[in-house]
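The values are calculated or read from the model by the stated rules, or taken from the named source; none is laboratory data. Just so it is clear, the structure is predicted and the values come from calculations on it, not from any experiment. Every residue, glycine among them, receives a Cβ derived from its backbone with ideal geometry; neighbour counts consider all protein chains shown. Accessible surface areas use protein heavy atoms only, side chains included; no ligands, DNA or RNA. Shrake-Rupley method; radii C 1.70, N 1.55, O 1.52, S 1.80 Å.
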Amino acid sequence: MKALLLSLLLTIPLSAPASSDYTSLFAKARYTELLQQLEQDPVAQQDPELMLLRARALIQQQFREEANTLLNELIQQFPEHSALLTQAALNKIALANSGNIFNARKRATDGLDLLQKAISLDPKNYLAQQALINFYQVAPATAGGSKALAAELTEQLFALDPVQGTLARASNAVAEGRLSDALALLDAQLVQTPDNTELLLRKAAILTQQSAFLVAQQTYLQLQPLLTDEISRHNVNFQLGRLAVFTEHYQAEGIQALEAYLAFYDGSQQLRLPRAKLRLAQLYLRQGDKVRANALYQQIARMVIEEPDFIEARAQLAAQLSQ
């Protein structure tokens with residue numbers, strides 16, 4: 001189920017509900033503060049949108065079992081809330097991937113049932129639509145997968161909404177290893193809807209997967225002024241900074257993007273902060289600003305991070321700073 005989970009997470013971004021102070025805390029990755037405030041607010045505990053935000057904050061902190069318990073309670077309390085059912089489904093699928101084999105099949109089946117119910121309640125719940133298609137496309141037949149059914153639902157979705165149908169077609173192609181076909185599908189739809197941010201985000205992600213880093217950068221730069229929500233905008237800022245290190249192009253834009261990213265997430269629980277600091281330090285050093293590069297390096301030097309690529313890049317930065 002690992003491939004299924006990864007594909008779902010790439011396909012379906014976590015988004016926040018309507019604007020509120022709580023939403024701002026979520027967007028800024030201040031999850032502990034958000035959870036504490038929600039627990040002390042009896043009115044919020046009766047609001048399904050805010051309880052959905054609470055579940056998402058738990059998931060962002062890797063408390064998936066706690067989120068599962070909460071979501072089970074919420075879908076009993078609000079059985080016709082399509083977005084709650086969708087989040088419960090995705091979390092169960094994630095747990096199916098990481099849990100023991102005895103729980104995995106039931107949780108995957110429960111997740112599938114919840115997605116189907118979410119769509120029956122709201123046919124325009126495109127998160128659920130995309131997740132269901134992705135499930136059928138990627139899951140093994142023994143777990144309920146069916147490429148034929150995925151293709152059928154994709155074409156139904158395309159008839160309902162060409163952009164969403166194109167995204168599903170592209171996801172199916174990616175799942176089958178046909179990255180160039182996926183890009184061709186996205187480009188064809190972008191002719192009709194050139195400023196659609198979902199299409200451009202997917203295109204940039206696939207280009208990055210292909211190691212076409214410069215074109216991915218240019219796509220993210222095209223995207224940047226079109227985005228209105230803070231989470232997506234700062235995800236793009238992170239990618240712009242990261243890719244500037246790889247391509248050595250658009251370095252000024254990469255520095256500006258990462259500075260904005262770090263300012264927005266300062267003091268937060270955003271897991272990518274160490275990587276953002278590392279990439280910005282690398283860009284500062286390439287611009288000849290050794291003082292600011294070293295200041296950032298000192299912040300990440302003692303961080304316990306197990307990812308080999310991070311450890312290697314940090315060591316290279318240390319060596320360069322010592323010269």
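The number of residues in segment 293-315 being touching a helix residue (DSSP H, G or I) at 6+ places or on another chain (Cβ under 9 Å) and in a helix (DSSP H, G or I) comes to 10. When residues in segment 44-69 are screened for being open to solvent by less than 70 Å² (accessible area, probe 1.4 Å) and within 21 Å of SER24 (Cβ to Cβ), 17 of them pass. Pairs linking a residue in segment 143-159 that is surrounded by fewer than 14 Cβ atoms within 10 Å (Cβ to Cβ) to a residue that is of a type outside the set (S, T, N, Q), with Cβ atoms under 8 Å and 6 or more positions apart or on different chains, are GLU155/GLY165; ALA159/GLY165.
Do you know which of the residues in segment 109-140 that are out of contact with any Phe, Trp or Tyr (no Cβ under 8 Å at 6 or more places or on another chain) and among the small types (Gly, Ala, Ser) is most open to solvent (accessible area, probe 1.4 Å)? Among them, the one singled out is SER120. For segment 150-245, the helices (runs of 4 or more DSSP H) that sit wholly inside it and include 1 or more residues that are under 23 Å from GLN129 (Cα atoms) and either among the charged types (D, E, K, R) or modelled with pLDDT under 95 (or both) are 162-175, 179-192, 197-209. Applying the condition of being charged (D, E, K, R) and crowded, with 19+ Cβ neighbours inside 10 Å to segment 172-223 and asking which residue is nearest to the chain's Cα centre (by Cα) yields ARG202.
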